[in-house]
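Any read-out appearing in this document is the output of simple, stated calculations on the displayed coordinates, not a laboratory observation. None of these values were measured; they are calculated from a predicted model. With ideal geometry, Cβ positions are generated from the backbone for all residues, glycine too; neighbour counts draw on all protein chains shown.
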Amino acid sequence: MADACLFCRIVRGEIPAKMVAENEHCVAFRDINPQAPTHVVVVPRAHVASLNEVSDAGTVGELALMAREIAKREGIADGGYRTVINTNADAGQTVFHLHLHLIGGRPMGWPPG
Ligand code: 5GP
Ligand code: ZN
């Protein structure tokens, strides 16, 4: 599964992506179809299909902290930003490697679609 997974392949450098940040736990890159001036996807290096399969609190914590650091660096921390984890069909998950979207740089509506 991890061999063919799109985000695993980006993590391994087999598919190019505009990298934004990385550490031992996770990798962040620009979304190929950005929904806002800043739209970055933060993924764990280790393959996990979705939040439903996560077994430790650290995984999601590392994603959130990396997103927070990128938001600061991109200058959207004070103005505000949104972090989203889509899980399975009703949320519109399309890539089944856990990822946290960091979206900002414009006002956003609530509730989301
Ligand atoms: P999901 O819909 O699963 O929450 O989010 C998947 C995201 O991955 C989408 O926003 C989509 O635009 C992005 N995406 C899909 N394929 C690629 C790709 O090859 N490269 C990059 N950088 N983003 C991708
Ligand atoms: Zn994967």
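Here the 3J(HN,Hα) profile of segment 55-60, calculated from phi with Karplus coefficients 6.51, -1.76 and 1.60 at θ = phi - 60°, is 10, 9, 5, x, 4, 5 Hz, Gly and Pro shown as x. Among the trypsin sites (Lys or Arg not before Pro) within segment 1-53, which fall in a DSSP loop and have no more than 13 other Cβ atoms within 10 Å of their own Cβ? Taking segment 1-53 and a limit of 13 other Cβ atoms within 10 Å, the loop trypsin sites (Lys or Arg not before Pro) found are R12, K18. Listed values for segment 44-54 are Karplus-derived 3J(HN,Hα) couplings in whole Hz (6.51 cos²θ - 1.76 cosθ + 1.60, θ = phi - 60°), namely x, 5, 7, 5, 9, 5, 7, 4, 4, 9, 6, and x replaces Gly and Pro. Backbone geometry of segment 15-26 corresponds, through the Karplus equation with coefficients 6.51, -1.76 and 1.60 at θ = phi - 60°, to 3J(HN,Hα) couplings of 10, x, 8, 7, 6, 10, 6, 7, 8, 5, 9, 8 Hz, x marking Gly and Pro.
For the chain, calculate the relative contact order in percent as a whole number, restricting contacts to Cα pairs under 8 Å that are 6 or more residues apart.
Relative contact order for the chain comes out at 29 percent.
Dimensions of the chain based on its C-alpha atoms, expressed as ranges along the principal axes with the largest first, amount to 38, 29, 27 Å. When GluC sites (Glu not before Pro) are flagged only if DSSP places them in a loop and at most 10 other Cβ atoms lie within 10 Å, the longest unflagged stretch of the chain comes out as 25-113. Around the Cα centre of the chain, unit charges on the Cβ atoms of Lys, Arg, Asp and Glu (plus for the first two, minus for the last two) sum to a dipole of about 360 debye.
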